[in-house]
1. Could you tell me the relative contact order of segment A:505-693? Use alpha-carbon pairs under 8 Å, at least six residues apart, and round to a whole percent.
2. Determine ³J(HN,Hα), in whole Hz, for all residues of segment B:198-211 in sequence, where each value follows from phi through the Karplus function 6.51 cos²θ - 1.76 cosθ + 1.60 and θ = phi - 60°; x replaces Gly and Pro.
3. Quickly work out the B:Tyr129-to-B:Gln250 label distance, labels modelled 7 Å from Cα along the C-beta direction, and quote it in nm with one decimal.
4. For segment B:108-116, take each phi angle, set θ = phi - 60°, evaluate the Karplus expression 6.51 cos²θ - 1.76 cosθ + 1.60, and give the result in whole Hz per residue in order, putting x for glycine and proline.
5. Please find the FRET efficiency linking B:Lys80 to A:Leu256, where r is the Cβ-Cβ separation and R0 is fixed at 45 Å, and quote it to the nearest 0.05.
6. If you take every residue apart from A:Leu166 with its C-beta less than 10 Å away from the C-beta of A:Leu166, what net charge results, scoring Lys and Arg +1 and Asp and Glu -1?
7. Over the residues of segment B:27-76, compute the C-alpha Rg and express it relative to 2.2 N^0.38 Å.
8. Name the long-range amide H neighbours of A:Ala226: under 5 Å, sequence gap of 5 or more, or other chain; modelled H, no Pro or chain starts.
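Any read-out appearing in this document is the output of simple, stated calculations on the displayed coordinates, not a laboratory observation. On a predicted model such as this, the values are computed, not experimentally measured, just so you know. Here the Cβ is made from the backbone with ideal geometry for all residues, glycine too, and neighbour counts use every protein chain on show.
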Amino acid sequence: MYLIVRVIWLLVLLFYFGTTSALGSEKPFSKPLASLQSFTGIWDMPTARILPDWNIRIKFGKAEPYRYYGGALGLFDRLEFHGQFTEISSLIAFPGYDYGYYKDRNAGMRIVLIKEDKAWPQVAIGAYDSIGTSKFPSRYLVFSKMISNFDLTLGLGQGLLGGESLDDIERGTTGESFDTTFLFSDLSQPTRVFGGIEYHYNPKLTFSLEYSSLQYEGMFGEPEEARWPINFGIKYQPTKHITLQGGYMRGREWMLGLSADFPLEPEGMLPWKKEPPYTSNEKQRWQSYEADNRQLASLLAKELQSDGFYGVEVSVNDEAVWVEYVNSKYLSHSKSMGRVSQILDEIVPERIQTFYINLSYNGQIIQCLKADRQELQAFMETRVDKQGFFEFASLSLYNSEQQAEFFHDNPKIETYTIQEVWFDYDINLKVKTFLNNKAGFFKHKVFLRPRINMYPWENGLIAGELEFTLLNQFDEVIFTPLEPEPVRTDLVLYERESEFRISMLAYDQHVNLPHNILGRFSIGLFESAYAGFGAEIFRFFDKGRWGIGLEAEFVRKRDPEDNFKLSDTITKTFDTYYVNLYGQIWPSQGIDGGLKIGQFLGGDVGVSLELRRSFKYFTIGAWYTKTDTDHFTNEKNQNASEKGVFITFPFSIFSDHDRRGSLTFDFSSFTRDQGQTVRQPSVLYPLNPYQSVLHTESTLEDMRRQ
Amino acid sequence: MKAAIKIFCLIALLLAGCTYTEVWEKPGGNQESFNMDSSECEFIAQQLSLQQSETGKRIDPIFYNKTYIECVVAKGWSPKRDTAELKKASDAERVQQLAESININTVTGFGQTITVPNIYSLVKNKQFYSGPTIIEQFLWKGEDSSFINILFQENTGGTFQKNSYPVSEPYVLYTSGIGEKAEEQLQWTTFWGNIDSDWIMSTGAYYYTSKNKRIIIAITKPLVPPSGEPPPNVTLTQNQFMQIEEFSNQWQIWLNEQFPEGPGLLKQMIRALNFGI
């Protein structure tokens, strides 16, 4: 076995010393192809390659007894996170139930320490399944080097990759613990060499061969002992983003794989059509010429509305124009400001020389751009750069100063507000999932969720939402409440019925409080399980770089069957109190985070940390909630820590043009009563950095994308 | 006669907006020369399509095809017509009737009935092919030297993109909009032009009855010459502005009366449907 490794490494050295002189100044290239599992690698062995920044992979692979369903994410061209369910066809998880084969969750990470260059290989370290139940624990150091079309890999592994059997590895064994026994154990563990070669025959076809350091018969699921430690096969890319894999593993099993790798870009399946630049027509120019301030305000407001903006209010005096609007058109707020300024510039007469462009959100101004018309023109026509533009313009959080400046003692101001529609609606197709239940691995409920929003007066909202079930498997889920007065573990009670359910019927009011503090209160049915009262205040500081808020809810359990009745069996009030802290940690990379500190729904006091990256209008993040659980009666709740990951993707990936709107899919740990919150009709505590002045400043060039 | 020529120019403009694929031929051309021209055109079409896209990263296949075809045609290639098509072209007079005149002022077709004002009289009704589309044309002349041209157009080779009524040189946009009730199904534009010292104004409209059928309407009338200088930032003089404004309003009202149907409730609900997980 070791002879094979030596042969491989000898080949590596020969290739290396034989070709480095011939490489000259050519930049090495590499392809981060998926292994049979979700991580980048050869088959079972990792390489030092990783997915490029903000690229994701969805992966299926199969070599009996293992079937892998997973994904991976590349970050900053330095990190790769990967996770998967491993189904083991040699083990039945719960005999007598419909769950089927055993399924293990595991995750891992790889860090590139040194990037490849002409002389040196790429060097990475990584680990997988090193916390929790740790059925497949490994850690490794690996080197990869491109030589001509050959990508050569050599590594040192420990844990399973070190050739140990699972029983010999010291590790934690409970699924809900954050045990790092193996991950941080000393380096004197048994170590083995692994390696392999990937030959890129052409851009679509790759031949891959590896020497595996795994002792298969000692792994979880106990596959047969390998006839030889070599795995080989081909990877074929019929299209840019799809890879098909096939080969032979361990000298015993055929394998198959399918991988979809793609960048997270807001322009998705369809190419975006370019929106024509705004040009005024002869009629508008004539109307503008003849208009007084009021007529001009009306003309501008109507034009902004017909261009697709909501909540438009325009005020005009003899020298300046004031616009408030909601960006209902573009993902980028900067782009929306560019469009608004272009419309103003095309229509308003020469006497108007100052523009105040106010971006509004939930009835509150969140950003105000004040610019001289000529400077704005110069910036839009790229005659002035961003720094030059800000010499004469200002972009500020909130707008009290500008408001005082524009409206103070000016009798010639005329204002026109577009009469808003008093209601709107949408319909969402939703899927709720319950994973890893004894009754079946993937139990789900599919329903249509129509929502009507009514706006009775300024900043007021009445939200009504129904759930019409199309398919329901929650009635099969085996999951009993963990507490006498459960917070969340009674979810089956609320989801098992297929009758229509009012999932929200609430009044929500936003208010502008003194000192630029945003406020909100809500009352009504908040979700299928809770009804009550909620209130929140929040204020941003330092161009939106950080913020602080307070939040509280007082809710009661709803009756699971009667839409308009509170529960008779659980009559207590669940109170929550939080301090919300928000901060942009690394603004240029879209890294921000939030801390929710206080009392959660189950009366447990603690903290919830959320870290996320919002980049190119996708957000990927994770949260971890640790609270004092002593008062829970069930051991599972006492040991629980709420955690999960989520992805938010923009609707625009399904569209042929830039558009707003997004969807979030989250994946959390086992349902427990610890660390729970209640849904509200709207929130002030920010969910992404896009609303901040800091973000608009950094993307100001988007204003020119017209 | 002059007005008729200008109307012909308008028709050429308004028939644009549909695409189809062809086998190409050129006198003296062979496969090798076509391959060379085609490769060059593919490259040009690719570059222009990238420029045309919002982000410059993806290619819009419709724009790519259009640009490619324009390029190949500019290099002297023309679509090869098969026998059946040639026969169709020669039998233009026997084209299937798309619409009919019920009486002197009313036509019906594609499920729509259009009534023109009494001062107009029908001067022409004919059918013809234009590219992959069949057209039935009705032309009325008014007592005030204006014309109403109504065309029923069916695309047998593809579907229409829901574009607004186009305006291009030598015409200039005055204003445009969509139907009051018909919404995006009816797209109208008012424009004017100054050609050989003659001023002309027109309101044109597309009404989309289905993916491959549309009704095209163009109302054309002489515009008074300018009196004096126009104010800053505008082109028309006061007297011209007043006349075209009245003309535009008058025909907007008429168009909205002719096409009172909007998108149905089902269509509106589909528009509101989002898909989420």
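1. Here the relative contact order equals 17 percent.
2. Per-residue couplings from phi come out as 9, 9, 9, 10, 8, 10, x, 8, 10, 10, 8, 8, 7, 5 Hz.
3. 3.9
4. 9, x, 6, x, 10, 10, 10, 10, 8
5. 0.45
6. Every neighbour counted, the sum reads -2.
7. Compared with the compact-globule rule of thumb, segment B:27-76 sits at 1.23.
8. Under 5 Å from the amide H of A:Ala226 lie the amide H atoms of A:Tyr216, A:Glu217, each far enough along the sequence or on another chain.
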